[in-house]
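**Q** Here it is: the structure, laid out below.
The values are calculated or read from the model by the stated rules, or taken from the named source; none is laboratory data. Here the structure is a predicted model, which is why all the values come from computation and not from measurement. All Cβ positions, even for glycine, are placed from backbone atoms using ideal geometry, and neighbour counts span all protein chains on display. Side chains are part of the model used for accessible areas, which takes the heavy atoms of the whole protein and leaves out ligands, DNA and RNA. Shrake-Rupley method; radii C 1.70, N 1.55, O 1.52, S 1.80 Å.
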Amino acid sequence: MANVTIIGAQWGDEGKGKVVDWLASRADIVVRFQGGHNAGHTLVVGNQTYKLSLLPSGLVRGKLGIIGNGVVIDPVALLAEIERVSAQGLKVTPETLRIADNATLILPLHAALDGAREAARGAKKLGTTGRGIGPAYEDKVARRAVRVCDLAEPDSLSTKLDELLLHHNTLLAGLGAPTFAKDKMLRDLLALAPRLLPFAEPVWERLAVAKRDGERILFEGAQAVMLDVDHGTYPFVTSSNTVAGTAASGSGVGPGAVGRVLGIAKAYCTRVGAGPFPTELFDETGQKLGERGHEFGTVTGRKRRCGWFDAALVRQAVKVGGIDGLALTKLDVLDGFDELKIGVGYSINGEIFRHLPAGAAAQAAAEPIFETMKGWEGSTRGAKSWAQLPAQAIKYIKRVEELVEAPVTLLSTSPERDDTILVSDPFAD
Ligand code: GDP
Ligand code: IMO
Ligand code: MG
């Protein structure tokens, strides 16, 4: 039976949470495999709205949630999120959530360093979420990270903190930021240990059993291909790999387990934070997209930058991300526009490109080449079948498919769980 991996195909906030929640009814386990609480996934179920950052979206459907080794976990943020959703009636217990014992922890000093670095960059700041994501991944790669399992070994934890603080306090002092005291850090972590450790286990073992038993796994990506640390608009990216292959390395399964890859893309495009965005709109059309799409960040509340659908960008995400089919979301936001534009390539210093080149200067200079289409009359909002879509909206979808070189296999027409049109089932063999 096929597993399914969901990844973002633009710069994030494409509606991954909604699609994961919708597909989770057909899955047994939902796994987060990268990113951290920089993610903000909004699920609207009847009169309840869930805003999840670290918790796998499948928990809302009562499915087992797993946080894989590739995720960076802020234990304080995780416990706060568990409390927040509990107040909404969603109980999260060690029976419903398992956490990889080898996952890296985000500590308060990571957020401090994230903030101090952004402040030092001034006008050149990346616009990170300030959650310490980058510094935590740096520590992991530098082999000095504190991991979930270390909470069960006070002596190794103490030794690790010595090395960690030597590094971080030097950096923080250099940036003119307050430093951290070891005793308090150790005390705080050991106080968190009994609340976190009941969730911890070698999740690869559980996933291997799930595979043996023919259970369906849904891998829930965070961020998006254009924020991937290798393939994105570097350095305006996040610090993890967001492509589908990461579902394997980030949870401890083989590459075959990734299964069918569904890329999520909005019918237009948004970005939070700094960095190139060739099809960005600075006029009232951009404003209208933002207002109609309620484009404010879930995590930081920042206004999202808005622009036309960039087919060249999504085509690139399809190729490097390993995307088999696209879920096109927020089609309803395009209702009522007389004219729609689709980015089909770039003009960079007089040269034509069908892809976004890797160089930062080239990316910054990229001027979009647009194709114009007529908009549609009538509404797609809340449509639940292909037959309810205006003919011109179908034309738009067909053009998107041609340009991105991938089929649209799912459509979303409102924030509501059930306002979704399935074209072909990603779980089908
Ligand atoms: P994620 O980070 O990819 O999970 O996306 P976010 O949840 O951050 O942002 C997507 C926003 O769009 C959320 O507020 C969703 O409730 C909303 N949304 C998702 N799908 C649709 C859709 O088809 N139409 C409209 N209007 N809103 C949608
Ligand atoms: P979801 O999962 C949109 C952006 C930040 C910033 C850059 C680096 O909700 O789609 P970081 O804190 O990760 O070091 O910030 O990445 N970013 C996101 N933008 N959606 C997200 O997640 C994002 N996670 C990070 O705005 O530009
Ligand atoms: Mg989001």
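**Q** May I ask you to compute the full-extension gain from Lys374 to His294, defined as 0.36 nm times their residue separation minus their alpha-carbon distance, rounded to one decimal in nm?
**A** Result: 26.4 nm gained on full extension.
**Q** By how many degrees, 0 to 90 and rounded to 10, does the Cα axis of helix 391-404 deviate from the longest principal axis of the chain?
**A** 60
**Q** If Leu64, Leu105, Leu197 are ordered by their accessible area, calculated over protein heavy atoms with a 1.4 Å probe, which sequence runs from highest to lowest?
**A** From most exposed to least exposed: Leu197, Leu64, Leu105.
**Q** Only bridges whose two residues both fall in the chain count here: according to DSSP, what percent of them are antiparallel, nearest 5?
**A** 40
**Q** Sticking with this one: Over all directions, average the projected area of the Cα convex hull of segment 116-270 and note it in nm².
**A** Orientation-averaged projected area of the Cα hull: 12.0 nm².
**Q** Using only Cα atoms, locate the centre of segment 250-310 and the centre of segment 126-159, then give the distance between them in Å, rounded to an integer.
**A** Segment 250-310 and segment 126-159 have Cα centres spaced 28 Å from each other.
**Q** When the accessible area of segment 104-196 is split by element with a 1.4 Å probe, what percent falls to carbon and sulfur?
**A** That fraction is 58 percent.
**Q** Can you list which of the trypsin sites (Lys or Arg not before Pro) found in segment 56-127 are DSSP loop residues with at most 16 other C-beta atoms within 10 Å?
**A** Of the trypsin sites (Lys or Arg not before Pro), the ones in loops of segment 56-127 whose Cβ has at most 16 other Cβ atoms within 10 Å are Lys91, Lys125.
**Q** Rounded to the nearest 20 Debye, what is the dipole magnitude of the chain about its Cα centre when Lys and Arg each give +1 and Asp and Glu each give -1 at the C-beta?
**A** Dipole size: approximately 300 debye.
**Q** Counting other C-beta atoms within 10 Å, and keeping those with at most 14, which DSSP coil trypsin sites (Lys or Arg not before Pro) do you find in segment 247-311? Walk me through the intermediate numbers first.
**A** On the way: sites: Arg260, Lys266, Arg271, Lys288, Arg292, Arg302, Lys303, Arg304, Arg305; in loops: Arg302, Arg304.
Here the trypsin sites (Lys or Arg not before Pro) that fit, given the DSSP loop and packing criteria, are Arg302.
**Q** Can you give the percent of C-alpha pairs in segment 104-196 whose distance is more than 17 Å?
**A** Working: 2106 of 4278 pairs.
Cα-Cα pairs of segment 104-196 separated by over 17 Å account for 49 percent.
**Q** Using +1 on the beta carbon of Lys and Arg, -1 on that of Asp and Glu, and nothing else charged, what's the dipole of segment 267-397 about the Cα centre, debye to 20?
**A** Approximately 400 debye in magnitude.
**Q** For the chain, what Kirkwood radius comes out of the mean inverse Cα-Cα distance, in Å?
**A** 22.1
**Q** Measure nothing fancy, just the Cα-based angle from helix 182-196's long axis to the longest principal axis of the chain, in degrees from 0 to 90, nearest 10.
**A** Between the helix axis and the principal axis of the chain, the angle is about 70 degrees.
**Q** Any chance you could give the angle, 0 to 90 degrees and rounded to 10, that helix 154-174 forms with the longest Cα principal axis of the chain?
**A** 60
**Q** Can you give the accessible area per residue of segment 186-237, in Å², using a 1.4 Å probe?
**A** I get 47 Å² per residue for segment 186-237.
**Q** Identify all lysines with a Cα-Cα distance to Lys63 below 23 Å; exclude those on the same chain that are fewer than 8 residues away in sequence.
**A** Lys16, Lys18, Lys51, Lys91, Lys211
**Q** Going toward the positive end of the dipole of segment 1-132, with +1 on Lys and Arg Cβ and -1 on Asp and Glu Cβ, which of Ala87, Asn102, Gly46 do you reach last?
**A** Going by the Cα projections, it comes out as Gly46.
**Q** Pull up the DSSP beta bridges for segment 266-422 and report the antiparallel fraction as a percent, rounded to 5.
**A** Numbers: 19 of 25 bridges.
Percentage antiparallel, nearest 5: 75.
**Q** Over all alpha-carbon pairs in segment 266-422, figure out the percentage whose distance exceeds 24 Å. Can you show the working numbers first?
**A** Details: 4077 of 12246 pairs.
Result for the distance tail: 33 percent.
**Q** Related question: Mind checking the per residue accessible area of segment 266-422 for me, 1.4 Å probe, whole number of Å²? Display every interim value, and only then the final one.
**A** Details: 6590 Å² over 157 residues.
Normalised by residue count, the accessible surface of segment 266-422 is 42 Å².
**Q** Rank Leu78, His37, Gly8 by how far each Cα sits towards the positive end of the charge dipole of segment 2-105 (+1 on Lys, Arg Cβ; -1 on Asp, Glu Cβ) and give me just the farthest.
**A** In segment 2-105, that residue is Gly8.
**Q** Report the GluC sites (Glu not before Pro) located in segment 89-193 that are in a DSSP loop and have at most 12 other Cβ atoms inside 10 Å of their Cβ, or state none.
**A** Taking segment 89-193 and a limit of 12 other Cβ atoms within 10 Å, the loop GluC sites (Glu not before Pro) found are Glu95.
**Q** Counting only helical runs of four or more DSSP H residues, what would the 222 nm mean residue ellipticity of the chain come to if each run contributes -39,500 (n - 2.57) and the total is spread over all its residues?
**A** After summing the helix terms and dividing by residue count, I get -9500 deg cm²/dmol.
**Q** What is the sum of charges, Lys and Arg at +1 and Asp and Glu at -1, for the other residues whose Cβ falls under 10 Å from the Cβ of Leu59?
**A** Surrounding charge for Leu59 is +2.
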